[in-house]
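Chemist: Once you've had a glance at the structure underneath, I'll fire off some questions.
Every read-out reported here was derived from the displayed coordinates using simple, explicitly stated rules and does not represent laboratory data. What you see is a predicted model, and the numbers here were worked out from it, not measured in a lab. Cβ atoms come from the backbone with ideal geometry, glycine included; neighbour counts cover every protein chain shown.
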Amino acid sequence: MKPHIRFDGASGALILLDQRRLPASKEYFYCRDTRDLIYAIQEMVVRGAPALGVAAAFGCVLAARETAAGFSNPREGAEALDALLDALAAARPTAVNLRRMIERMRWVRLDRDPPGFAELIALWEAESERIHKEDLEVNRRIGAHGAELLDSGDVVLTYCNAGELATAGFGTALGVIYEARGQGKDIRVIACETRPLLQGARLTAYELHRNGVPVTLACDNACALLMRRGLVSKVLTGADRIAADGDTANKIGTYGIALAAQAHGIPFYIAAPLSTVDLSTPAGDDIPLEERPESEVTHFGSRRICPEGVGAFNFAFDVTQAALISGIVTEAGVLFPPYGQSLARAVERG
Ligand code: MRU
């Protein structure tokens, strides 16, 4: 698949594969300024924690280009530029990669103190391309470490989408599966549909199927039964933020799957880059959980599926307690409890 996030320096546009339209059609969404990108992030044109980080890095280039139109140098335009970066960082609150990559871009600016916008834009474009490339390399390392946890014959249940489309490419949880299969292991996958936006049905099943991985779709509420029937050997998901103690935010529904996995003695693994680990968030209860419009739950497409006047909960994420997580696969290796120590050590080394 060609990169689903790409920056065209000549036109100054960030080009995103529109994930809302998959798998029915392949359309591209052009972001010409930060407003376009904030819209794209909030409307889920681009989603998945690492992909949001990469898109946000390119978004800093858009912000610099916009600011350049009104100010003669970055020092004069500092306040306006910071306001755009702050707005971008707040576009979605749970996935820490979004904020983290913008912080990294700010540091590049402070480090070099560029004299003009042309220099700042060139510096940030190069840094964004580096972030893009690094994420892909990190995913390959996650895949290599995680593949050691999988045995031939395993049926892996996954949730939401932690694949190519959620990252710069290859994927975290799905990267582990691609790598294990590349090593010749017979791995099959159960993809949960992932209500309400169906990232599992639309994106994970799409990716796996086109990459030749045997995949079966399941309703989210079938997970416990499938485990009870011995149809699941391991659970593997991605993460949006991992707190210092190992508590992990991921797509709403992950927590219930982890509880069911524990009840059935099935290992539950998370695969995520160290950029998703947030040591400044002490525990899961401190992670801000995004709440999205009720209409995503009350409607199926444009059709209302519940009576007029009935509202809905729409938390986009939940938190799985560290005690339910058998291991966290990172580019630095597989981390095991106590996560307070293993995460801190891995981040420090990383
Ligand atoms: O709301 P989304 O689609 O951005 O949620 C994505 C997830 O929950 C993924 O599992 C997570 O970001 C990991 S992506 C490698």
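Chemist: Between Arg349 and Lys133, how many nm apart are label points set 7 Å from Cα along the C-beta direction?
Modeler: If labels sit at Arg349 and Lys133, their model points lie 2.5 nm apart.
Chemist: Using a Förster distance of 30 Å, how high is the FRET efficiency between Arg21 and Ala83, based on the Cβ-Cβ distance and rounded to 0.05?
Modeler: Between Arg21 and Ala83 the formula returns 0.45.
Chemist: Okay, next question. Given a Förster distance of 22 angstrom, what is the FRET efficiency for Leu279 paired with Ala323, based on the Cβ-Cβ distance and rounded to 0.05?
Modeler: Computed FRET efficiency for Leu279 and Ala323: 0.70.
Chemist: For the peptides 334-343, 250-259, what is the packing order when you average, over each peptide's residues, the other Cβ atoms within 10 Å and list the highest mean first?
Modeler: Highest-to-lowest ranking by the protection proxy: 250-259, 334-343.
Chemist: What number, in percent, do you get for the relative contact order of the stretch 143-349 if the mean sequence gap of Cα pairs under 8 Å and at least 6 apart is divided by its residue count?
Modeler: Normalised by residue count, the contact order of the stretch 143-349 is 21 percent.
Chemist: Can you order the peptides 137-148, 195-206 by their average number of other Cβ atoms within 10 Å per residue, highest first?
Modeler: Result, highest mean first: 195-206, 137-148.
Chemist: To continue, here is another question. May I ask which residue of Tyr339, Val156, Gly246 lies farthest towards the positive end of the charge dipole of the stretch 143-349, with charges of +1 (Lys, Arg) and -1 (Asp, Glu) on Cβ and the Cα centre as origin?
Modeler: Toward the positive end, the furthest listed residue is Val156.
Chemist: Could you grab the relative contact order for the stretch 5-139? Cα pairs under 8 Å, six or more apart, rounded to a whole percent.
Modeler: 24 percent
Chemist: Then there's this: List the aspartates and glutamates whose Cα sits under 17 Å from the Cα of Lys2, skipping any in the same chain fewer than 8 residues away.
Modeler: Asp18, Glu27, Glu129, Glu134, Asp135, Glu137, Glu164, Glu207
Chemist: Could you let me know the centre-to-centre spacing of the stretch 76-130 and the stretch 166-219, using Cα atoms, in angstrom?
Modeler: 32 Å
Chemist: Additional query: What order do you get for 301-307, 167-173 when each peptide is scored by the mean count of other beta carbon atoms within 10 Å, highest first?
Modeler: 167-173, 301-307
Chemist: Okay, next question. Say we join alpha carbon atoms closer than 10 Å with springs in a Gaussian network model of the chain; which of Pro282, Pro114, Pro293 then has the biggest fluctuation?
Modeler: Among Pro282, Pro114, Pro293, the largest mean-square fluctuation in the Gaussian network model of the chain belongs to Pro293.
Chemist: For labels at Asn221 and Lys2 in the simple 7 Å Cα→Cβ model, what's the distance in nm?
Modeler: Here the answer is 4.3 nm between the modelled labels.
Chemist: While we're on this one: When only C-alpha pairs under 8 Å and at least 6 residues apart count, what is the relative contact order of the stretch 178-245, in percent?
Modeler: Averaging sequence separation for qualifying contacts and normalising by length gives 28 percent for the stretch 178-245.
Chemist: Which Cα, out of Leu217, Ala168, Leu198, lies furthest along the positive dipole direction of the stretch 154-234 (beta carbon charges, K/R +1, D/E -1)?
Modeler: Final value for the positive-end residue is Leu217.
Chemist: Under 1.5 on a/c is rounded, so check that first for the stretch 143-349, then, if it is not, pick prolate when a/b is larger than b/c and oblate when it is not; a ≥ b ≥ c are the square roots of the alpha carbon gyration tensor eigenvalues.
Modeler: Since a/c reaches 1.5 but b/c is at least a/b, the shape of the stretch 143-349 is classed as oblate.
Chemist: Can you tell me which lysines have their Cα less than 23 Å from the Cα of Lys234? Leave out same-chain residues fewer than eight positions away.
Modeler: Straight-distance partners of Lys234: Lys185, Lys251.
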